[in-house]
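I have placed the structure first, in the form of structure tokens, so that the comments after it can refer back to it.
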Amino acid sequence: MNRKAFMKVFAVILSLTFVSNAMAQLKQFTLEDLNYGGNNYYNMSPKNQYYTWWGDELIKTDMEKCVSVNKKSGAEKTLFTLDEINEWIGSNDSVFVRHLYNATFPYADKPWVLLGNRMEMILVDWKAKKQVWHSGKTGSLAEEWCPQSKATAYVKDHQLYVGDENGVQHQITTDGSREIVYGQSVHRDEFGIYKGTFWSPSGQQLAFYRMDQSMVTDYPQVNTFTRIATLEADKYPMAGEAMHKVTVGVYDLKTNKTIYLKAGAPTDRYFTNISWSPDSRTIYIFELNRDQNDMQLVSYDAVTGEKIKTLYREQHEKYVEPQHPIVFLPWDSNKFIMQSQKDGYNHLYLFDKDGKELQQITKGEWVVLDILGFNKAKKQIIILSTECNPLQNNLFAVDVKTGKRTLLDNGKGCHANVYQADGGHSSALSASGAYIYDNYTEPTVPRNIDIIDVAKHSRKQIFSAANPWKGYDVPEYFCGTVKAADGKTDLYYRMVKPTNFDPNKKYPTVVYVYGGPHARNVEARWNWYSRGWETYMAQKGYVLFILDNRGSKDRGRDFEQATFRHLGQEEMKDQMKGVEYLKSLPFVDQDRIGVHGWSFGGFMTISLMVNYPETFKVGVAGGPVIDWTLYEVMYGERYMDTPQQNPEGYEQTNLIRRAKDLKGKLQIIQGMNDKTVVPQHCLQFIHECNIVGTQPDFYVYPGEPHNMRGHQSTHLHERITQYFEDYLK
């Protein structure tokens, strides 16, 4: 071999050695890195920055300081530090402000910041360097402060109180108890409900929920950590059983008097999406019958409680599901916006205050996800929608008069990723609606933050998160579609291939499934919204497959309602279409397919295991619904009707009768104190397995609710992994 040929061979060997060493140097993930309960999860998540608005001024909140951000240049200027705040309020070792992440700026025209120190809320004037107001110590639940009146509503020892601006505490109720609940979320957090107090625009009246649940059966939750186990019963209204009764009260801060809205008998009715008129004289409520197929928007006099009129009525043969209160136009107090799916997709409608529908503002085969607020100068509504793509969330400005929509973001990914108690995104919008801080992600973008100028349709990037997984052995994530079992509907899936993928090998495959309403698992977020556990499993040599079947959210009314009265059945058909696709792939081992899911996904896991026992070799079902007669009233009856109305559907979906059909290896995991899917579900299934001779495995987490908390989540996912390693690998 001559010298030239030798050098060529040497170069090839050297390059192969370099590639081999580079691959060998890639780091391996652990569950401590990838699971939210892991001790390194924070470091392995895309970095974030937190912002809020002071009028139209952008403020970055941090652990140690708050800074103003120039919206054009991104330049920052410190307003105050944590040490300065604690000095100004005269804090001590036991009572002090711990961080500034939750700082808010409630008055656009005043340099005042609202903070909390575990004991009370505090307003600080950072220019005058002094505390200007504090709420007083309440030691309470469900606390809600009103910036207009500086009054605070809260619940203490089951009673509802209001602390006024001067710190005087007014006790509103006297009969509160475990069975009579005031000022808290009702109807088990369905219908968009997340709280139980609602201040009027003037701040002088407080609407609140009163829930009588004395007629609801106690479910016997047990505390096993006491010397002798003790009963800690939970009120749990099961499908077809007696449900609680809700009424709405109104407290007047000026008169110190309370009235109740005269809505008629509350038996078998739902009251939701409470809102106020701009003049604080009228309250609006969506009222829904127990069948959830007849919805009315009703107005009430806030002073007398008298019913004024029914402004709107919507009925459907399956169900109607109000999720959003009406919103008045800030430039016209005689008109409001209502959201409805009445044309098949959630859209915006303009009404006058007397209930006359003036126009449908948005229309199309896509969904309005949320109203962020209004751009008052341009008379536009700022919305988040799926118009660009069913897997995306994009920001639009909508002209109220013409309905013209203007895209405000880059048209990719999922935008306005802020986190509010109500699930909304309004905090991303400045006070006038002139600006948006847009925290967003795309399949290849961990996180960016832009400032959007609504009028100019321009964007300025102020933050971009580095890829926290650089240097790790990362699998391939991709998204595609298959046809649903109806032969026409596109369903979206995510696939994660094993690291160091070899197309000539055959791999074990795990189908991760949820499948139920109010969720979609495949979105145009970083890595196609893949869960950390999927990456962990791909690293161990598995293919992961996730499909959003009919019945999941944000694809329109008919897409979701395809599962009505027979939960799990159409969903399974769609999932099996996904399995057909998997079996067509040469690298999927058809003899090693497993399935895993939690909650509704646990129900789907066992359903698939017993209905298609020849397909699924191994399954892990967490917190599974087994028998829908044991699930709660609001959710269960919406999708299944009552057991009395739909005995065939309840029988068809009952997994107890299918225990005899279990063939593969199945592990059931349950939080022992689950108040969402009570342990009775899995215990009854296991009991039936004992009788018919099938052999599931069972693991329980004592004291844990529906989802495992903290580091126990890491333990849980290690257990799930090991089960597939033992029986599917």
Pair list, Cβ < 9 Å and 6+ apart or interchain, from region 123-147 residues that are in contact (Cβ under 8 Å) with a residue 40 or more places away in the chain and more than 22 Å from TRP54 (Cβ to Cβ) to residues that are surrounded by 14 or more Cβ atoms within 10 Å (Cβ to Cβ) and of a type in the set (Ser, Thr, Tyr) | LEU141/TYR154; ALA142/TYR154; ALA142/TYR182; ALA142/SER185; ALA142/THR197
Of all residues in region 517-531, which are out of contact with any Ser or Thr (no Cβ under 7 Å at 6 or more places or on another chain) and crowded, with 19+ Cβ neighbours inside 10 Å?
-> ASN521, VAL522, GLU523, ALA524, ASN527, TRP528, TYR529, SER530, ARG531
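Tell me yes or no: at least one residue of region 173-180 is crowded, with 18+ Cβ neighbours inside 10 Å and not in a strand (DSSP E or B). Don't jump to the end; show me each part of the working.
Of the residues in region 173-180, the ones crowded, with 18+ Cβ neighbours inside 10 Å are 173, 176.
This time we only want the ones that are not in a strand (DSSP E or B), so: 173, 176.
Yes.
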Looking at LYS488, LYS460, LYS483, which one is of a type in the set (D, E, K, R), closer than 30 Å to SER73 by Cβ and surrounded by fewer than 22 Cβ atoms within 10 Å (Cβ to Cβ)?
-> LYS460
Could you tell me whether any residue of region 493-511 is free of Cβ contacts under 8 Å to residues at least 60 places away in the same chain, under 23 Å from THR605 (Cα atoms), open to solvent by 60 Å² or more (accessible area, probe 1.4 Å) and under 24 Å from the mean Cα position of the chain (by Cα)?
-> no
Considering (1) exposed (fewer than 15 other Cβ atoms within 10 Å of the Cβ); (2) in contact with a helix residue (DSSP H, G or I) (Cβ under 9 Å, 6 or more places away or on another chain); (3) modelled with pLDDT of 95 or more, say which one GLN420 fails and leave the rest.
-> (3)
Given VAL186, VAL168, VAL124, which one is at pLDDT 95 or above, farther than 23 Å from ARG269 by Cβ and β-branched (Val, Ile, Thr)?
-> VAL124
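For region 658-714, which residues satisfy the criterion of being assigned to a loop (DSSP other than H, G, I, E, B) and of a type in the set (S, T, N, Q)? Even if it seems obvious, please write down each step before you answer.
Filtering region 658-714 down to residues assigned to a loop (DSSP other than H, G, I, E, B) leaves 662-664, 672-679, 693-696, 702-711.
Scanning region 658-714 gives ASN673, THR676, THR694, GLN695, ASN707.
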Name the pairs whose Cβ atoms lie under 8 Å apart, with the first residue in region 683-705 and closer than 22 Å to ARG657 by Cα and of a type in the set (D, E, K, R), the second open to solvent by less than 70 Å² (accessible area, probe 1.4 Å) and at pLDDT 95 or above, and 6 or more positions between them or separate chains?
-> GLU688/ILE656; GLU688/ALA659; ASP697/LYS665; ASP697/LEU666; ASP697/GLN667; ASP697/ILE668; ASP697/TYR723
Pairs, please: C-beta under 9 Å, at least 6 apart or cross-chain, first residue basic (Lys, Arg) and in region 580-596, second outside any strand (DSSP E or B) and open to solvent by 10 Å² or more (accessible area, probe 1.4 Å)?
-> LYS583/THR615; ARG592/LYS506; ARG592/LYS617; ARG592/LYS729
For region 58-76, name all the residues that are in contact (Cβ under 8 Å) with a residue 40 or more places away in the chain and either farther than 21 Å from ASN448 by Cβ or not in a loop (DSSP other than H, G, I, E, B) (or both).
-> LEU58, ILE59, THR61, CYS66, VAL69
With respect to the numbered conditions (1) open to solvent by less than 50 Å² (accessible area, probe 1.4 Å); (2) free of Cβ contacts under 8 Å to residues at least 60 places away in the same chain; (3) of a type outside the set (Ser, Thr, Tyr), which one is the sole condition not fulfilled by ALA538?
-> (2)
Just for region 463-473: of the residues that are buried (at least 16 other Cβ atoms within 10 Å of the Cβ) and under 27 Å from the mean Cα position of the chain (by Cα), which one is nearest to LEU608 (Cα to Cα)?
-> TRP469
Does ALA428 satisfy the condition of being surrounded by fewer than 19 Cβ atoms within 10 Å (Cβ to Cβ), closer than 30 Å to TYR493 by Cα, in contact (Cβ under 8 Å) with a residue 40 or more places away in the chain and of a type in the set (A, V, I, L, M)?
-> no
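The values are calculated or read from the model by the stated rules, or taken from the named source; none is laboratory data. Here the structure is a predicted model, which is why all the values come from computation and not from measurement. Counting neighbours? That spans all protein chains shown, and the Cβs are built from the backbone with ideal geometry, glycine included. Side chains are part of the model used for accessible areas, which takes the heavy atoms of the whole protein and leaves out ligands, DNA and RNA. Shrake-Rupley method; radii C 1.70, N 1.55, O 1.52, S 1.80 Å.
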